[in-house]
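Data first, discussion second: the structure below is written as C-alpha cells.
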Amino acid sequence: MILIDKLCYLSKIRYVNPAEKFAFAVLTLIFCIVSRSIVMGLFILAFNSFLTIKIGGISARRYGNLMLVPLAFLLLSTVAIIVNLSKHPLDAFALQIGGWYLTGSWNSVLHGLQLIVTAMAAVSCLYFLSLNTTMTDILSVLRKMHCPALLVELMLLIYRYIFVLLDVAYFISTSQNARLGHKDLRTSIKSFGGMVQALFIRAMKRSRNLYDAMEARCYDGEIRVLEENHEVSRRNIIMIAVFELVLFGFTVFIKMQG
C-alpha cells in the first residue's frame with residue numbers, strides 16, 4: 001500500500017461524506033486557478049494544510065515531505081521564467097558572465113512567484129482530497145455525477161495496477177540489495193536498468209494473470225465494489241458554501257481590479 005493510501009485510511013475525516021470533500025476541493029481549486037492571486041493562493045495553501053494536519057490528523061512532517069515533491073519541480077521549472085540570458089541587465093538582478101548577463105526583471109520574478117504559489121495551493125486542494133478520501137469513495141462520487149463509465153473504470157484499473165507495479169518493483173529491489181546490487185554508483189545504475197527491464201516483463205505477466213482472474217469471475221467491463229453510506233452534514237455544507245462564496249467574491253474583486 002502506498003503512503004498516500006495509508007494516510008488516507010488513518011485520516012480522522014475519512015468517514016466525512018466524500019461528496020462534501022470533493023465539492024470543497026474542486027471548487028477551491030477552480031477559484032485558486034481562476035484568481036491567480038498570490039494572497040489567495042497563500043490563504044488556500046494555509047487553510048488546506050490546517051484541515052489536513054489539524055483536522056485530518058496527518059503528520060506535519062509527512063505532509064511537508066509530500067509538498068516538497070511538487071515544490072522541487074516548480075522551482076526548477078520557474079527558473080526558466082525568472083532567469084534570462086541577455087546582453088543588457090534587467091531591473092531585478094544581474095550576474096555578469098563575460099559580455100552577457102544572467103538577469104531577470106521584477107515582472108518575471110512576480111510571475112514566477114505567482115505561478116509557484118498558485119500551483120502549490122492547487123496541489124494542496126488535491127492533497128486534501130486524496131489524503132482524506134479513499135479511491136473507492138472518489139469513484140463513487142464520480143459515478144453519482146454521471147461521469148462516463150469508461151473513464152471511471154480506467155481510473156480504477158490504473159489505480160489497481162499501480163500496486164501491481166510497486167509490488168513487483170519492491171521484490172526485485174529487495175533481491176538486488178541482497179546481492180549487493182547497490183554497493184556503488186555504477187552497480188546501482190546497472191541494477192536500476194535491470195530492474196526496469198524485469199519490471200516491464202513481470203508487470204505484463206501479472207496484468208494478464210489479473211485480467212484472467214477477472215474474466216473467471218464474470219468480468220463484464222465494470223468492476224462493482226461495495227460502497228459505504230456516509231451521512232450528509234448540513235453544518236459542513238453550510239460552512240463549505242460560505243467559504244466558497246468568500247473565495248468567489250474575492251476572485252470577482254481581483255478580476256474587476258485587473
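Flag: THR187 matches the condition of being over 25 Å from GLY57 (Cβ atoms), in a helix (DSSP H, G or I) and not assigned by TED's automatic domain parsing to the domain that holds ALA72. Filtered by the rule that a residue be within 25 Å of SER11 (Cβ to Cβ) and among the β-branched types (Val, Ile, Thr), the stretch 39-91 gives ILE44, THR52, ILE53, ILE55, ILE58, VAL69.
Selection of first residues in the stretch 245-258 that are surrounded by 11 or more Cβ atoms within 10 Å (Cβ to Cβ) and of second residues that are at pLDDT below 90 and assigned to a helix (DSSP H, G or I), restricted to Cβ pairs under 8 Å at least 6 apart or on distinct chains, gives the following pairs, ordered by first then second residue: LEU247/SER35; PHE250/SER35; THR251/SER35; ILE254/SER35; LYS255/SER35. Number of residues in the stretch 25-84 that are loosely packed, with under 12 Cβ neighbours inside 10 Å and under 14 Å from the mean Cα position of the chain (by Cα) equals 5.
What number of residues within the stretch 211-240 satisfy the criterion of being assigned to a loop (DSSP other than H, G, I, E, B), over 22 Å from TYR15 (Cα atoms) and either acidic (Asp, Glu) or free of Cβ contacts under 8 Å to residues at least 24 places away in the same chain (or both)?
5
Being part of a helix (DSSP H, G or I) and closer than 24 Å to ASN17 by Cβ is the requirement here; does THR136 meet it? Yes; evaluated as a whole, the condition is true for this residue. Residue under question is PHE93, and the condition is that it be on the phi < 0 side of the Ramachandran plot and crowded, with 17+ Cβ neighbours inside 10 Å; does it hold? Taking the combined requirement at face value, the residue does not satisfy it.
What number of residues in the stretch 32-66 are assigned to a helix (DSSP H, G or I), under 20 Å from ILE4 (Cβ atoms) and touching a Lys or Arg at 6+ places or on another chain (Cβ under 8 Å)? Matching residues across the stretch 32-66 total 1.
Search the stretch 59-81 for residues being more than 18 Å from LEU42 (Cα to Cα) and either small (Gly, Ala, Ser) or in contact with a Phe, Trp or Tyr (Cβ under 9 Å, 6 or more places away or on another chain) (or both), and hand back the single one that is modelled with the highest pLDDT. Looking at the filtered set, the residue picked out is SER59.
The values are calculated or read from the model by the stated rules, or taken from the named source; none is laboratory data. None of the values given here were measured: they were computed from a predicted structure. All Cβ positions, glycine included, derive from the backbone under ideal geometry; neighbour counts span all protein chains shown.
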